[in-house]
Amino acid sequence: MATVPWTTGPTEKINELIFHTGNISGATKLTKRATQSAANELLSGVEGAVESWLTSPVEERTGNGVALVQHVNLAKSITSSDRQDLMITIKVFVLNWDENLVRDAITCALDQLGLQDCDMVILALPASNFSLDKAKPLWMEVELFATRGRALVVGVADLNMKQLEQLHDWAHVKPTVNQVNLASCCVMPEDLVEYAKRTNIKLFTHNDDSDLITSEMLSPIISKLHVAGGNNWEPSWVVRYSTQVKCRGILGRRGYFVHAKRCLH
């Protein structure tokens, strides 16, 4: 396989990569594996994007050392005429407690999909070491999208009753959704159910992996791109977007964005 032609400059200047799987619901290869875990689905989508991009590499650099690698055929924007008939959900997985990641992830997804807004944003915080003080700056970024009309409904994932209560009591824009992973509890905790009823928070379930992506998972894929840095790349955020036809419940697009940063130290 030929080296990828990064034509506008040396790869040493590429410090960040954004992968876009495009609509994996429209990919026959991936659809056949619909029963796989979310982590495997994500990796398969990123691998598909890289393989597609390598067959017809079109370099897109957004500036500041950021390069975009997306599926040539499946990465499409959502037209304004389609938007009015769709409910669009964006779930943001941030892998460390940096509020800038929230802003960058949501902005990237909206911009690349050609959207001014979405119907729901769900924030999945890092899996460990939760504290309200750590969560506040990240949630404030979500609040900005809500107050600017770019996210109509905002929510969180995997907060227990105490954590949800702390965030809800403090927040200016209250979370109205909490996604719960049933892999960790076969039945919704009773205290969480009661609290959600009192505060009109909707509880939904999900089956996302706790480790959705790691540097070890990404390294073999990034190595195919022949960028500088070798294995010194770390994922920092993931966005999954999905669409549903309003009033009909028909599922439409589903895809992922993944951001990785080269470790320079």
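The values are calculated or read from the model by the stated rules, or taken from the named source; none is laboratory data. All figures in this text were calculated on a predicted structure; none of them were measured in a lab. Note that each Cβ is placed from the backbone with ideal geometry, even for glycine, and that neighbours are counted across all protein chains shown. Surface areas here come from the heavy atoms of the whole protein model, side chains and all, with no ligands, DNA or RNA. Shrake-Rupley method; radii C 1.70, N 1.55, O 1.52, S 1.80 Å.
Structure summary
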item	result
Summed residue charge, Cβ within 11 Å of F145's Cβ, Lys/Arg positive, Asp/Glu negative	0
Gain in span if fully extended, H172 to Q116, counting 0.36 nm per residue against the direct Cα distance	17.9 nm
Accessible-area composition of segment 98-162, carbon plus sulfur, in percent [1.4 Å probe]	47 percent
Probe 1.4 Å, accessible area per residue of the chain, Å²	49 Å²
In segment 169-257, trypsin sites (Lys or Arg not before Pro) in a DSSP loop with at most 10 other beta-carbon atoms within 10 Å	R248
Global geometry of segment 149-238, whether rounded, prolate or oblate, following the gyration tensor of its Cα atoms and the 1.5 cut on a/c	prolate
Candidate values (i) 19.0; (ii) 25.8; (iii) 14.9, label of the one derived for mean projected area of the Cα convex hull in nm²	(iii)
